[in-house]
Each structure stands twice: as structure tokens, then as C-alpha cells.
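The values are calculated or read from the model by the stated rules, or taken from the named source; none is laboratory data. Computed from a predicted model, the values in this text were never measured in an experiment. When we count neighbours, we look across all protein chains shown, and the Cβ atoms used for this are built from the backbone with ideal geometry, even at glycine. Remember, those area values only see protein heavy atoms, side chains included, never the ligands or the DNA or RNA. Shrake-Rupley method; radii C 1.70, N 1.55, O 1.52, S 1.80 Å.
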Amino acid sequence: MGQVTIYLDQETERKLQAFLNGRNVSKSRWIASLIREKTAAEWPSSVARLAGAWQEFPEANELRSELGNDSPREPV
């Protein structure tokens, strides 16, 4: 198991401790879970379940229909 040392300023340390108070989880375990969450290769199940949740959400062309035409683009 790898070990990492991090240095926190006093304000960040205070916020971390306040967040963890009463949650029954160590700083190490919480930071490890945050790293796993931020480096995940797929969407969390809570986000994946939202797919298709907005049945009446307009398509992109409907959303843009009142915007008018784009300005002409310069040739590349």
C-alpha cells in the first residue's frame, strides 16, 4: 500500500476536520476515496441513471432556433 504525505494550510486543515467530524471516517480514507472518485474512468451510477430522465428536453436545434444565423466565418 502506497503512502503519501500532504501539507495543508491551517484553514484547509480546519475545513477538512470540520467536514469529517461525526462522519466516522479517517482523513486518509476520505482522501483515498476522493482520489478514486476524481480518477474514475466511468460516470458514477448516480449520473448514469439520469440518462434519458428528461423526456421532453428539447434537441439542440430547437434550443438554437431563436438565436438567428451565425456570422459568416473567415476562410482558413
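Here are some residues: Glu62, Glu42. Which one is more than 23 Å from Met1 (Cβ to Cβ) and touching a helix residue (DSSP H, G or I) at 6+ places or on another chain (Cβ under 9 Å)? Explain how you work it out, then say what you get.
Numbers: Glu62 fails: touching a helix residue (DSSP H, G or I) at 6+ places or on another chain (Cβ under 9 Å).
Answer to the selection: Glu42.
Pairs please, first residue from the range 58-71 and in contact (Cβ under 8 Å) with a residue 24 or more places away in the chain, second anywhere and open to solvent by less than 100 Å² (accessible area, probe 1.4 Å) and assigned to a loop (DSSP other than H, G, I, E, B), Cβ atoms under 9 Å, 6+ apart in sequence or on different chains.
none
Give the residue that is farthest from the chain's Cα centre (by Cα), with candidates limited to residues of the range 44-76 that are of a type in the set (S, T, N, Q), more than 30 Å from Leu34 (Cβ to Cβ) and open to solvent by less than 100 Å² (accessible area, probe 1.4 Å).
Ser71
Are there any pairs, at least 6 apart or on different chains, whose C-beta atoms fall under 8 Å, with the first in the range 6-29 and surrounded by 10 or more Cβ atoms within 10 Å (Cβ to Cβ) and the second of a type in the set (Lys, Arg) and part of a loop (DSSP other than H, G, I, E, B), and if so, which?
If the second residue must be of a type in the set (Lys, Arg) and part of a loop (DSSP other than H, G, I, E, B), no pairs are left.
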